[in-house]
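The values are calculated or read from the model by the stated rules, or taken from the named source; none is laboratory data. Not measured: the values here are computed from a predicted model. No Cβ is skipped: glycine too gets one built from the backbone with ideal geometry, and neighbour counts run over all protein chains shown. Just the protein is used for accessible areas: all its heavy atoms, side chains included, with ligands, DNA and RNA removed. Shrake-Rupley method; radii C 1.70, N 1.55, O 1.52, S 1.80 Å.
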Amino acid sequence: MSTASPNARLVSLTVNGRPVARLAAPRTHLADFLREGELLTGTHLGCEQGVCGACTLLLDGEPVRGCLAYAVACEGRAVTTIEGLDQDETAARLREAFTAEHALQCGFCTPGMLISARDVVERLPDADDARVRVEMSGNLCRCTGYVGIVKAIRRVLDDRKAG
Amino acid sequence: MFGVGARVRRKEDDRLLRGRGRFVADIALVGMRELAFVRSPVAHARILSFDIPEQVRRQVFTWQDLEPAGVRPIRAASGLPGFKVSEQPPLAADKVRFAGEPIAVTVAATRAEAEDIASQVIAEFDELPPNVDMLAAAAPGAPCVHEHWSDNIFLETRVGQSFEKDVAAAPVRISRSIRTQRQCIVPLEGKGLVAHWDRQAEQLVLYTATQMPHIVRSGLSECLGLPLEAIRVIAPDVGGGFGWKGLLQPEEVVAAWLCLHLGCPLRWMEDRREHLVAAANAREHHYEITAYADADGRLLGVDADAWVDAGAYSIYPFSACLEAAQVGSILPGPYDFPHYRCRTFSVCTNKPPIVPFRGVARANVCFAMEQIIDAIAAAVGREAWEVRLLNLVPPEKMPFDNITGKHFDSGDYPESLRRAVAGIDLASVRRRQLQGEPDGRLVGVGFATYCEQGAHGTAVYHGWGIPMVPGYEQVQARITADGGLELRAGIQSHGQGMETSFAQVAHEVLGIPLERIRLVHGDTGLTPYSTGTWGSRSMVMAGGAVATACRRLADRLRRIAAHLLQARLEDVTLSGGMLQSGQADITIAEIARTWYLAPQLLPADVDPGGLEITAGYKPKSDHGTFSYATHAAVVAVDAEVGLVEILDYLVVEDAGTMVNPAIVEGQIFGGVAQGIGTALYECSPYDDAGQPMASTLMDYLLPGFTEVPAIRIEHMETPSPYTEFGVKGLGEGGVIAPSAVLCNAINDALKARGAVVTDQPVTPARILAALRNARAEPPP
Amino acid sequence: MKPVDFDYVKPTTLAAAVDLLAQGNGSVKAVAGAQSLGPMLNLRLVQPELLVDVTAIPELLGTREEAERIVIGAGVTHARLEDGDTSERTQAVLAQIASGIAYRAVRNRGTIGGSLAHADPAADWLVCTTALGAELLLVGTAGQRTVSAAEFVVGGFETMLAPDELIVEVRVPRLSAGSRWGYYKLCRKRGEFADASAAVLVDDARGFYRCVIGATSGRPIVLDDSRPLSELAGAAAVAEALSPTALAGDAFAIQVHAAAVRRAVRAATA
Ligand SMILES: Cc1cc2nc3c(=O)[nH]c(=O)nc-3n(C[C@H](O)[C@H](O)[C@H](O)COP(=O)(O)OP(=O)(O)OC[C@H]3O[C@@H](n4cnc5c(N)ncnc54)[C@H](O)[C@@H]3O)c2cc1C
Ligand code: FES
Ligand code: FES
């Protein structure tokens, strides 16, 4: 994370419910801000090109690419990373389903997957498998072939319907 | 319930699901600085000079700095006769041989600042004509990538003899030119490292995203001139490898030297652009194949020339020739036929060196061979699966030594095919084809059968004569004072779930609960030597060593138990973590407590090795294991725009005994997804100047959720006669067949229009071109 | 890779924003969602000295319903349009277009104005706003002007925006209830930019007919409005339309663009 720049400034955010103020150059994207500054290393970087989705985190509750959001541009907003979802009920169900369905191997894509999956589960409770696949298509996994991930999300959608 | 064969949940999941894994990028050390590499913008040139601004001069390093300090080029020779050795200075010396080759490194407090400096380093080049196409590079008169060579061939190999006379009367003769594209490996986590000098241990410590820490250590030792004990290589959590993390990287050598030179910890993270353009290439082959068959479709002979574009340098440890040379030995696939001849060429070009990508050579060979089988079937007017069935090695011939001396251990290859034909419901696909689709798409079905050697033995690798020869795989097992078990293995788990599956093996033998078993892996400081995780070997080899070590520990436990229970040794049994003799019993934990805390109670003749052991293991046969599978797919081809949808995908596989079926299936799903990428999407093209054209994941398309179908798997489970529990290697299997299956399925769909595709990836442009050509020349 | 060291401001008035852009001599870049600019910055393909974030300018942020048209602030995200009120015809069409762009995490940040200004020939809004007959309100230091989406784009990644101008509004004429819309894009992979695309609007009540070919490597091509749709759909017509572009003579491109037109027409006339 670059702080030595003459352009660096104090950036204030709420991170996982906690106020954070830290010097950052404007070129610092949110993922680096969190990883290097806050040591919240659960947000992974797989491309920094906006494609892979490994860096997906929540900005004011909505999933966004951590590598394409510059920290300065998020001044005053609330960021939630995978580490901030320990107590989240939907995320807990997803974690349980992910492990039951073997939806992760190396685990590098997993934090981004869970953030996107949580959004799908909460936003689209009626999604069928085809819709789940479309909605999840911005997250790449090189290990699992997606089969377990789709099953895990299905399981959580069904469980929530069942109450 | 939790031992071998159980579908247990993975021990590694919890930390990964909470974002609390520890990948190399997550490691921060006090005073750590970051590196950026300056890379050659041209494919082939002499470096005339560097222009480095004075104010950053001390933060920039080139070969002029490394060479006088004694750093040596990476050298990976093969002992095969005629192999030409390349030397790869980790920063280019006087010449660059591919666009993206590192030519200088910069150091700064942050990566961004290191890149700022890198952008100010200007090199002046005298450009040379690049070798971009392997066939042109192999032709006489092509400019040499390595000047002191006589041509651009790393190695030529020959297998078999000409057999024209024997097949002169063959009723079927099929010739095909087949191309497979250059691919990138793209684990979701790129390469990365943190290097520092541990002042207390007086050791260079390299945390690196690798599949083979011990081999990286050997390579570093050679390049840096440091003794092995002065180097410790640690692989933390690794975000996928697939071969890309199975070699010594030039960046590792540079960073290691520089951290010693500068006296501070250094980090380098490969970014996705570097990954795509400068390094992780694989799989670019060209085949000229002629096959002969009788009127039923029985193979009489296969005659092939194969070229592999190996790129500019020979990588450590696998060398530049492993891939092509393997083609020669595995092209016959799972088939039994009498005549075979194959010449292979490992061609040196001005492109990044190739790396053995999961299913190395096998995926390409399967693509080529299975197309040939389909073509023979078309020629004799039979269903392609019938022709496959006719040629597969039958179960009654197992174990079977094939035409290139491969020793197939066990299994029923034809049965996998029959089950695939039934499972994909061929008859209904044929009916559907006759009816036609409401949306006008063309439906096709394809099959491919392969067998795959895993857990390669000592002799083959000794035969290659490369810097690494796998011998006994060792594992250390230690029962702790409170009855837990620590396993230490030199392999590296990066998604394969070995922390779980090895625990299952140990549990099977000792009965210690899974949650009390821990695997330490990927650290040269803590684990026995191992060539690492590659070639579908870890479960067979290290898993076998876990079983062996645990059995020996069980013996020692029984001995102590016999003494404590006042029983005869032969009456003491171990089950469920409990040692019993008649009514009397004692837990492993109690014995452990005795060994560690109450040694006065131990028998006089107790084994002084105690509850800790290092055991080595090799399968009973040095030929490794052969798993096999038939894959089948139904596709719909949109002949207007060339898009392919996979309607159904079935794998019928046999990888021997499954330690954890969920992990087995995961490996297959993931492999198939990568194979779909090979078949339809992934390609790293180069222009005439040798410039890589795919530098982002927008250009290099990876299959995603909507491109990979709900793959189905049916298991067969024929144990290997040679391994612990009968397990076979399977990590690579899934990736081998998909490109063949999908190509065959697409050709089945297109056959109504007389069109054939032969090259991968099968893109919309290729499909439409095939259809246009078919229209231009109506079928005879 | 990481971007070059740039400075950043987030003005809260339109006037302040265009003033900043005017001072920059080209080394200043507007930024909205950064979903196109971000990758280019990260790859150092763009090396600005200053980024002017336009997402705090009130004029760019709202969506307004007017009798004849829907006015969308340039800073409105794809996701907001995707989540629009689909019971209304025009909004339903906009929602359908938006939902096909990239992925939700990208749509949550990416904006319609940014997409148009970026002018990737394969971008969805470029083709669709042209086919919908939309107009753009541009504001610069010299004042404001209105241009049609069709004329706004002058080439691949090239628009008529002056360095100090911003897109402020996208004005989409209201579709009549019986209007028919067809949009087809050929993507090798979900969410990636199209290899070919076409959009067709048939609005008898308004007497508005248009077919637009996208993903041409240059500006979207508006096919002659007066020709009947069935004729437009012919491969020959598409080949002719593509003849002045870089795709001229490219058999694959002509074939897939013709198919895209055919499919868009079919969707609009089904
Ligand atoms: C993985 C991925 C996939 C994508 N797939 C698609 C796709 O399928 N289809 C598609 O259409 N798009 C796609 N996009 C692009 C996406 O739609 C972007 O959101 C959009 O192109 C740019 O919008 P933005 O707000 O992010 O603009 P920015 O990236 O912030 O800016 C883009 C350009 O517009 C300029 N600009 C921004 N706002 C204004 C304004 N109000 N006035 C003047 N100039 C302005 C900027 O200076 C810059 O030059 C994809 C992006 C990604 C990362
Ligand atoms: S790292 Fe952000 S999308 Fe890949
Ligand atoms: S689990 Fe490895 S990338 Fe998804």
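Between residue B:482 and residue B:261, the contour length at 0.36 nm per residue exceeds the Cα-Cα span by 75.1 nm. Every Cα-Cα pair in the range C:128-220 was counted, and those over 20 Å apart are 45% of them. Toward the positive end of the charge dipole of the range B:1-144, with +1 on the Cβ of Lys and Arg and -1 on the Cβ of Asp and Glu, the farthest Cα among B:108, B:37, B:25 is that of B:25. With respect to the cross-link table entries B:84/B:351; A:151/C:185; B:618/B:728; B:620/B:728; B:397/B:728, which display a Cα-Cα separation exceeding 24 Å? In this structure, A:151/C:185 exceed 24 Å between Cα atoms.
The base-10 log of I(q)/I(0) for chain B, evaluated at q = 0.05, 0.06 Å⁻¹, reads -0.27, -0.39 [Debye formula, identical scatterers on Cα atoms, solvent excluded]. Rounded, prolate or oblate, given the Cα gyration tensor of the range C:7-53, with a/c below 1.5 counting as rounded? Oblate.
Can you give the FRET efficiency for residue A:18 and residue C:83, using 1/(1 + (r/R0)^6), R0 = 25 Å, r = Cβ-Cβ distance, to the nearest 0.05? In this case the efficiency is close to 0.25. The phi-based Karplus calculation (6.51 cos²θ - 1.76 cosθ + 1.60; θ = phi - 60°) puts the 3J(HN,Hα) values of the range B:12-21 at 7, 5, 4, 5, 6, 6, 9, x, 10, x Hz, whole numbers, x for Gly and Pro.
Output the relative contact order of chain A, whole-number percent, from Cα pairs under 8 angstrom with separation of 6+ residues. Don't skip to the end; give the middle numbers.
Values: 290 pairs, mean separation 35.3, N = 163.
22 percent.
With R₀ set to 41 Å, the beta-carbon distance separating residue C:148 from residue C:4 gives a calculated FRET efficiency near 0.70. Taking a straight Cα-Cα cut-off under 12 Å and skipping sequence neighbours fewer than 8 places away in the same chain, the aspartates and glutamates within cross-link reach of residue C:189 are B:645, B:682, B:699, B:707.
Let me cross-check residue B:385: its accessible surface, 1.4 Å probe, with only protein heavy atoms counted, in Å² to the nearest 10? So the heavy atoms of residue B:385 present about 50 Å² to solvent. Exposure check, 1.4 Å probe, all protein chains in place: residue C:160 carries approximately 60 Å² of accessible surface. Think of chain C as having a plus end and a minus end, set by charges on the Cβ of Lys, Arg, Asp and Glu; of C:209, C:181, C:130, C:181 sits farthest toward the positive end of this dipole. Pairs of alpha carbons in the range B:67-132 separated by more than 16 Å make up 64% of all such pairs.
Taking all protein chains as shown and a probe of 1.4 angstrom, residue C:217 keeps an accessible surface of around 60 Å². Measuring nothing but how far apart in sequence close Cα pairs (under 8 Å, 6+ apart) lie, relative to its length, the range A:2-84 scores a relative contact order of 34 percent. Each Lys and Arg adds +1 at its Cβ and each Asp and Glu adds -1 at its Cβ; summed about the Cα centre, the range C:1-101 shows a dipole of about 320 debye.
Computed over protein heavy atoms with a 1.4 angstrom probe, the accessible surface ordering of B:9, C:210, largest first, is B:9, C:210.
How far is the Cα center of the range B:489-531 from the Cα center of the range B:372-441, in Å? If we compute the Cα centre of each part, the gap is 38 Å. Note on chain B: helix-only mean residue ellipticity at 222 nm, from DSSP H runs of 4+ residues weighted -39500 (n - 2.57) and normalised by residue number, equals -8500 deg cm²/dmol.
Taken along its three principal axes, the alpha carbon spread of the protein assembly as shown comes to 99, 77, 71 Å, from the longest extent down to the shortest. The relative contact order of chain B, computed from alpha carbon pairs under 8 Å that lie at least 6 residues apart in sequence, is 16 percent.
The alpha carbons of the range C:180-269 occupy a box of 36, 29, 19 Å along the principal axes, longest dimension given first.
For residue A:154, what charge total do you get from the other residues with a beta carbon under 10 Å from its beta carbon, if Lys and Arg give +1 and Asp and Glu give -1? Local net charge: -3. With the charge dipole of the range C:16-122 set up from +1 on Lys and Arg Cβ and -1 on Asp and Glu Cβ about the Cα centre, the Cα lying farthest toward the positive end among the listed residues C:92, C:116, C:62 is that of C:116.
I'd like the FRET efficiency for residue B:472 and residue A:124, computed as 1/(1 + (r/R0)^6) with the beta carbon distance as r and R0 of 51 Å, rounded to 0.05. Computed FRET efficiency for residue B:472 and residue A:124 comes out at 0.45.
Where nothing but the Cβ of Lys and Arg (+1) and of Asp and Glu (-1) is charged, how large is the charge dipole of chain A around its Cα centre, in debye to the nearest 20?
On the way: 19 positive and 21 negative charges, 48 e Å.
Computed charge dipole of chain A: roughly 220 debye.
For the full complex of protein chains and a 1.4 angstrom probe, list B:237, B:425 by accessible area with the highest value first. Display every interim value, and only then the final one.
Details: B:237 25, B:425 70 Å².
Output order, biggest surface exposure first: B:425, B:237.
Solvent-accessible surface of protein heavy atoms, probed at 1.4 angstrom with all chains present, puts B:162, B:621 in the order B:162, B:621, largest first. In this Cβ point-charge picture (+1 for Lys and Arg, -1 for Asp and Glu), chain B has a dipole of about 800 debye about its Cα centre.
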